[in-house]
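The values are calculated or read from the model by the stated rules, or taken from the named source; none is laboratory data. None of these values were measured; they are calculated from a predicted model. In this analysis, Cβ positions are derived from the backbone assuming ideal geometry, glycine residues included, and neighbour counts consider all displayed protein chains. With ligands, DNA and RNA removed, areas are computed over all heavy atoms of the protein, side chains included. Shrake-Rupley method; radii C 1.70, N 1.55, O 1.52, S 1.80 Å.
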Amino acid sequence: MPHEVRLSAGAEQDLESLYDHIAAFDSKASANHVLDQLLKAAEGLAAFPERGSRPRELLALGIREYRQVFFKPYRLIYRIIGQQVIVVLIADGRRDMQALLARRLLGA
């Protein structure tokens, strides 16, 4: 039975920000392509949610409940809760992920 994939409010804001940034600095066509690929990556988690690796930044802190998939250079960080996959963060992997994950997931 497939899992239900949901985007958190933060992940939805991440998508909007990424789209706006790419559209402003590249093109709307590129922004649409990236958005489509990110959503496709998220939807793919419905069938195989455990396929993602664990983010090394969180493993270093002993946190194992989050996983990630990529549409390079972007990372989708998610968590599996029962039959739901909740995408909590979508970010450019070239950013300071340690600080971003700490702020978003740990409230630091």
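Listing for the model above:
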| item | result |
| --- | --- |
| Complete set of residues in the stretch 69-108 that are over 27 Å from Pro2 (Cα atoms), among the aliphatic types (A, V, I, L, M) and open to solvent by 30 Å² or more (accessible area, probe 1.4 Å) | Ala99, Leu106, Ala108 |
| Of the criteria (1) part of a helix (DSSP H, G or I); (2) touching a residue at least 40 places away in the same chain (Cβ under 8 Å); (3) over 16 Å from Ile90 (Cβ atoms); (4) hydrophobic (A, V, I, L, M, F, W, C), which one Ala24 fails | (2) |
| Among residues of the stretch 92-108, those that are of a type in the set (Lys, Arg) and modelled with pLDDT of 85 or more, counted | 1 |
| Enumeration of residues in the stretch 52-76 that are under 13 Å from Leu89 (Cβ atoms) and in a helix (DSSP H, G or I) | Glu57, Leu58 |
| Residue tally, condition within 24 Å of Gly82 (Cβ to Cβ) and open to solvent by less than 100 Å² (accessible area, probe 1.4 Å), over the stretch 22-49 | 9 |
| Failed criterion for Asn32 (all others in (1) of a type outside the set (A, V, I, L, M, F, W, C); (2) within 18 Å of Tyr78 (Cα to Cα); (3) in contact with a helix residue (DSSP H, G or I) (Cβ under 9 Å, 6 or more places away or on another chain) hold) | (2) |
| Test: residue in the stretch 50-68 that is open to solvent by 60 Å² or more (accessible area, probe 1.4 Å), touching a residue at least 12 places away in the same chain (Cβ under 8 Å) and of a type in the set (Gly, Ala, Ser) | no |
| Residues within the stretch 1-21 that are open to solvent by 90 Å² or more (accessible area, probe 1.4 Å) and in a helix (DSSP H, G or I), tallied | 5 |
